[in-house]
Amino acid sequence: AATQALMLLFQLAVGSGDTGAVPQNDESVTARKDRFYRALYSKVADGDMFSGRQLTLFFNLLYKALKYDTKSERICSVLKRLIHSALHLPSSIVCGVLFLLSEIIKCRPEVNNEVEASVSELIFDPSKREPSVAFPGKVQLEKNLWELSLLAHHFHPSVSKFTADSSGKISF
C-alpha cells in the first residue's frame, strides 16, 4: 500500500516528466515535489519496503523519481540512503540496488561529476528529514559512497561484480 501511495504522489507531484502540462505556480510545484521526495527519502530507510510483492514497483518508482529529479544533491542523498539500507538486505536486492545506481549514473552523469566542496564538509547526515540538506554542498557521489567498499567484499559474487561496475557500466 505504501508503494502505491508513493506512486500516486509521484504522479501528482512530478507527473510523467512532460513539460507540456498545465502551467501552475512554481512555488506550489516545488513544494509538492519536495514533499514527495521527502516521503520517498523516508521510505527508502524502511526495511519493509524491500520485502513483499511490490518490490518491482518500488524499484521502478525509485528509478523514475531519481531520473526526473532536478536537484543532484537530493539524488545523491536518496542513493546514499538506499545503498546504506542495502547493506542489511539479501544479496538479490543488493544487486537490484547496485543496478539501479548504475542506471541512474548512466542517465544522470552530472550526479557523478559534481564539483565537490572540501571533503571535511561532506559528511552525510542520515538524521535529516529533507534529502536536499543531508549532504551540505555539492558532492561527487563515487567518492562519498564508503558502502561500496564494503559491498566490494561481499560474499555473493554478483554483488562484488556489480559493485566493481557500479559507475554506469553494469552489463550482463
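The values are calculated or read from the model by the stated rules, or taken from the named source; none is laboratory data. Computed from a prediction, not measured in an experiment: that's the story for all the values here. Every residue, glycine as well, gets a Cβ built from its backbone with ideal geometry; the counts of neighbours run over all protein chains shown. All accessible areas refer to the heavy atoms of the entire protein, side chains included, with ligands and DNA or RNA removed. Shrake-Rupley method; radii C 1.70, N 1.55, O 1.52, S 1.80 Å.
For the range 134-161, which residues satisfy the criterion of being open to solvent by less than 70 Å² (accessible area, probe 1.4 Å), at pLDDT below 80, of a type outside the set (S, T, N, Q) and at negative phi?
Those that are open to solvent by less than 70 Å² (accessible area, probe 1.4 Å), at pLDDT below 80, of a type outside the set (S, T, N, Q) and at negative phi: A134, F135, P136, V139, L141, L145, E147, L148.
Might you check whether a residue that is within 18 Å of S72 (Cβ to Cβ), aliphatic (A, V, I, L, M) and modelled with pLDDT under 70 occurs anywhere in the range 162-171?
At the first step, the residues of the range 162-171 found to be within 18 Å of S72 (Cβ to Cβ) are 166-168.
Still in the running and aliphatic (A, V, I, L, M): none.
Within the range 162-171, not a single residue is within 18 Å of S72 (Cβ to Cβ), aliphatic (A, V, I, L, M) and modelled with pLDDT under 70.
Does Y37 satisfy the criteria of being more than 27 Å from K161 (Cα to Cα), aromatic (F, W, Y) and crowded, with 20+ Cβ neighbours inside 10 Å?
Here the answer is yes, as Y37 does meet what is asked.
Can you go through Y68, Y63 and tell me which one is touching a Gly at 6+ places or on another chain (Cβ under 9 Å), closer than 22 Å to D34 by Cβ and either modelled with pLDDT under 80 or open to solvent by 60 Å² or more (accessible area, probe 1.4 Å) (or both)?
Within the list Y68, Y63, the selection yields Y68.
Regarding the range 111-130, can at least one residue be identified that is touching a Gly at 6+ places or on another chain (Cβ under 9 Å), modelled with pLDDT of 65 or more, of a type in the set (V, I, T) and surrounded by 14 or more Cβ atoms within 10 Å (Cβ to Cβ)?
no
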